[in-house]
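For reference, the structure discussed in these notes is given below.
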Amino acid sequence: MSPRTGPPSYTRNRATGGRPAKGQLALILLLPVVLAGLIGAAIGYAVAAPDETEAAVDRIRAEEARRDVAQITELTAQARTTAAELEALLGELDAALADGAPPAGTDQVPRWQATMRAAVERHADTPSGTTATNVARGALRGAVDGFAAAVDLYAAAQGLPNADRPPVLALVDRQRTGAATAWSVAAAQLDQINIDAGNGHQHVYLGGHAGEGAFTPDGAPEGEPGG
């Protein structure tokens, strides 16, 4: 008979009777508590995260709105300055373009050009804003460039022989009218974004110098909230 060996590896520990040790039992009892805590934290984060994201989005939108109102106010002030200058300039230019009118004085055209250079520079800055504000800003800049081109074309016409001037002056008139129409569209957009920003109606049109086909003020009192 072969000598006896130790108990097989699958034999239960007689001292514990097969029951888990105290440390193992504590770990087993603690595990559900830990899992419950982790699940609760995950649920809490899932609930809180959307609220935090929404609050952050609201803060960004509020900051953009404040920045846009400031841009609109500044742009409107620039447009009012330019409109006042344009009305004076167009009064003289239209008189010079009238049938049978003598050419503008030698001091007038350089003054017109200086006025338009200042206006072009005033509207050259293009800070990024909302789409609606960018449209108004770009339309005003395009109209100012159009007026500047009309004045420069008139200056060029002065150097031509008298017989060659009429067709060029006709182009000056067309360029000036197109620029005035573009300005009226920009003014309508400027009025709308002021209403949307809470500034009420702000009319920066060219009055009697706008020309046929141009947009005109809507008749609402200045500063009145839009409907």
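The values are calculated or read from the model by the stated rules, or taken from the named source; none is laboratory data. Because the structure is a prediction, the values reported are computed rather than measured. All Cβ positions, even for glycine, are placed from backbone atoms using ideal geometry, and neighbour counts span all protein chains on display. Just so you know, the surface numbers come from the protein's heavy atoms only, side chains and all, with ligands and any DNA or RNA stripped out. Shrake-Rupley method; radii C 1.70, N 1.55, O 1.52, S 1.80 Å.
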What net charge is computed for the residues neighbouring Asp173, neighbours being all others with C-beta under 15 Å from the C-beta of Asp173, Lys and Arg scored +1, Asp and Glu -1? -2
Could you give the nm distance between label points at Glu74 and Thr106, where each point is 7 Å from its Cα heading toward the beta carbon? 4.2
Förster-model FRET efficiency, 41 Å R0, Thr216 and Arg66, C-beta, rounded to 0.05: 0.80
So how far apart, in nm, are the two label points at Ala132 and Ala114 if each is 7 Å from Cα heading toward Cβ? 4.0
If you average the C-alpha positions of the range 86-115 and of the range 164-192 separately, how far apart do those two centres end up, in angstrom? 15
What order do Val109, Val168 take when sorted by accessible area (1.4 Å probe), most exposed first? Val168, Val109
Hey, got the dipole for the range 75-174? About the Cα centre, +1 on K and R Cβ, -1 on D and E Cβ, debye to the nearest 20? 320
What is the Cα convex hull volume of the range 123-202 when expressed per residue in Å³? 81
Using the Cα centre of the range 122-193 as the reference point, and only Cβ charges (+1 on K/R, -1 on D/E), how large is the resulting charge dipole? Debye, rounded to the nearest 20. 40
Can you tell me which of 71-77, 141-147, 92-98, 161-167 comes out highest on packing, and rank the rest after it, using the mean Cβ neighbours within 10 Å? 141-147, 71-77, 92-98, 161-167
